[in-house]
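Data block below; observations after.
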Amino acid sequence: MTDKFDVNSWLKTYRDAFAPVQRAQAEGFKAFERFARHQYAVAGDVLEFSLHATKVALAVKSGEEFTAAQRELGADFGAKLQKRAEELATIATETQNSLTDAFAAAADSVTTVAKKKAA
């Protein structure tokens with residue numbers, strides 16, 4: 001009963017146990033930041049489109065000019081949104097891969113410790 005409580009080993013065990021959780025949390029925050037920046041860019045594209053559409057509506061003189069300008073703006077806006085959709089798919093894929101890697105590392109660290117204790 002003369003065993004002393006070793007705070008350093010307890011803290012090391014705690015850090016080792018929660019390191020995978022911390023890494024997964026960091027990856028989640030990175031993904032959230034990327035998603036928020038992407039949504040901010042999409043909102044900027046929408047605002048830009050609406051400003052251009054308003055300028056066109058006030059500047060044109062005939063219906064034909066208005067229709068042609070709106071068609072051109074719509075095509076440009078559609079191309080931008082398609083590009084943003086591809087970026088979102090890339091963000092989702094990269095996030096899924098990084099979180100999968102983080103969870104795999106967490107599982108590996110747990111199984112390694114369990115195997116050492118079992119042996």
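Bear in mind these aren't lab numbers, they're just calculated from the coordinates by the rules spelled out. The structure presented is a predicted model; accordingly, all values stated were derived computationally and were not measured. Please note: Cβ atoms are built from the backbone with ideal geometry, for glycine as well, and neighbour counts cover all protein chains shown.
Key figures
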| read-out | value |
| --- | --- |
| Sparse-neighbourhood loop sites, trypsin sites (Lys or Arg not before Pro) in the stretch 1-74 - DSSP loop, at most 13 other Cβ within 10 angstrom | K4, K61 |
| Candidate lysines - alpha carbon under 26 Å from K55, same-chain residues fewer than 8 apart omitted | K80, K83 |
| Length-normalised contact order of the chain in % [C-alpha pairs under 8 Å, at least 6 apart] | 43 |
| GNM top mover of L47, L58, L81 - the chain, alpha-carbon springs below 10 Å | L58 |
| Degrees separating the helix 7-59 axis from the principal Cα axis of the chain, which is the longest one | 0 |
| Residue-span extension gain [T54 to A89] - 0.36 nm each, minus C-alpha spacing | 9.5 nm |
| Packing-based exposure ordering (other Cβ within 10 Å, fewest first) of D101, D3, D45 | D3, D101, D45 |
| Net charge contributed by nearby residues that have their C-beta within less than 12 Å of D101 (K/R +1, D/E -1) | -2 |
| With 5 Å bins from 0: P(r) over the chain, alpha-carbon pairs, percent | 2, 9, 12, 12, 10, 8, 8, 7, 6, 5, 5, 4, 3, 3, 2, 1, 1, 0, 0, 0 |
| Distance between modelled label sites at A105 and W10, nm, 7 Å Cα→Cβ extension | 2.8 |
| Furthest towards positive pole of dipole, F77, Q25, I91, structure part the stretch 21-97, Cβ charges | Q25 |
